């Protein structure tokens with residue numbers, strides 16, 4: 001078995017060197033005064049006039065992306081003006097990714113040799129994170145999943161989801177929050193199997209980057225997977 005860390009993959013002594021099992025650490029119960037949760041902010045702006053139970057795709061309009069983007073832009077502008085260090089979680093939109101990408105380009109974080117952003121978490125003013133559920137579901141899943149995916153922020157259109165995946169691999173999105181490892185184990189494996197996320201990058205976004213950003217991790221859980 002091999003343990004996957006943020007910057008290396010090492011063999012675990014006493015285990016079969018040839019087996020294709022990997023051990024990851026996953027951060028849960030994460031807290032920090034610098035965290036701003038878009039899902040909590042959006043709750044205030046629920047549109048009760050949208051009758052989503054007649055067509056579950058309309059759940060996307062109960063907490064519209066336009067409002068999420070408006071909140072995001074205000075948070076970023078305020079943080080930069082006040083020179084505050086913040087970590088915005090539950091991002092779902094390609095426009096949010098673009099805003100942070102442009103900021104990181106201005107700050108000189110893009111590494112040409114690595115072809116990705118190398119973010120100095122100790123000094124960077126803003127980092128962003130996504131919830132695993134918003135990586136796994138999009139508006140095309142409302143027909144089959146219905147109430148099961150009526151979470152906040154809602155699953156967005158597939159184009160947004162594609163951008164989120166690209167932003168993880170490029171270093172723009174720094175963290176992925178996991179709600180429940182037991183319930184989302186299949187989801188975790190899907191991210192590695194289908195989306196081809198680099199193993200060490202995956203280890204960074206589910207654990208290592210939280211520490212580097214300065215978050216407090218209340219619990220560390222281990223996850224084993226065969227690839």
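Note down all Cβ pairs under 6 Å where the first residue falls in the stretch 92-104 and is modelled with pLDDT of 95 or more, the second is outside any helix (DSSP H, G or I) and buried (at least 22 other Cβ atoms within 10 Å of the Cβ), and they're at least six residues apart or on different chains.
Note: pairs meeting the criteria are 92/153; 97/172; 100/128; 100/172; 101/172.
With the condition kept exactly as written, say whether any residue in the stretch 200-216 is farther than 25 Å from residue 22 by Cβ, touching a residue at least 24 places away in the same chain (Cβ under 8 Å) and part of a strand (DSSP E or B).
Yes, the stretch 200-216 contains a residue that is farther than 25 Å from residue 22 by Cβ, touching a residue at least 24 places away in the same chain (Cβ under 8 Å) and part of a strand (DSSP E or B).
Any residue that is under 30 Å from residue 139 (Cα atoms), surrounded by fewer than 18 Cβ atoms within 10 Å (Cβ to Cβ), touching a strand residue (DSSP E or B) at 6+ places or on another chain (Cβ under 6 Å) and touching a residue at least 24 places away in the same chain (Cβ under 8 Å) - is there at least one of those in the stretch 48-66?
no
Here is a list of conditions, (1) in contact with a strand residue (DSSP E or B) (Cβ under 7 Å, 6 or more places away or on another chain); (2) surrounded by 20 or more Cβ atoms within 10 Å (Cβ to Cβ); (3) farther than 27 Å from residue 33 by Cβ, and residue 170 meets all of them except one; can you say which number that is?
Answer for residue 170: the failing condition is (2).
Restricting attention to the stretch 105-124, does a residue exist that is assigned to a helix (DSSP H, G or I) and in contact (Cβ under 8 Å) with a residue 60 or more places away in the chain?
no
Quick one: in the stretch 176-189, which of the residues that are assigned to a helix (DSSP H, G or I) and out of contact with any helix residue (DSSP H, G or I) (no Cβ under 7 Å at 6 or more places or on another chain) is farthest from residue 212 (Cα to Cα)?
186
Restricting to the stretch 8-47, name every residue that is assigned to a helix (DSSP H, G or I), in contact with a helix residue (DSSP H, G or I) (Cβ under 8 Å, 6 or more places away or on another chain) and without any contact (Cβ under 8 Å) to a residue 40 or more places away in the chain.
Residues satisfying the conditions are 41, 45.
Taking the stretch 120-146 only, how many residues are surrounded by fewer than 21 Cβ atoms within 10 Å (Cβ to Cβ) and closer than 17 Å to residue 213 by Cβ?
So the count comes out to 6.
Output yes when any residue across the stretch 81-88 is touching a helix residue (DSSP H, G or I) at 6+ places or on another chain (Cβ under 7 Å), surrounded by fewer than 17 Cβ atoms within 10 Å (Cβ to Cβ), more than 26 Å from residue 26 (Cβ to Cβ) and in contact (Cβ under 8 Å) with a residue 40 or more places away in the chain, and no when none is.
no
The values are calculated or read from the model by the stated rules, or taken from the named source; none is laboratory data. Model, not experiment: these values are computed from the prediction. Cβ atoms come from the backbone with ideal geometry, glycine included; neighbour counts cover every protein chain shown.
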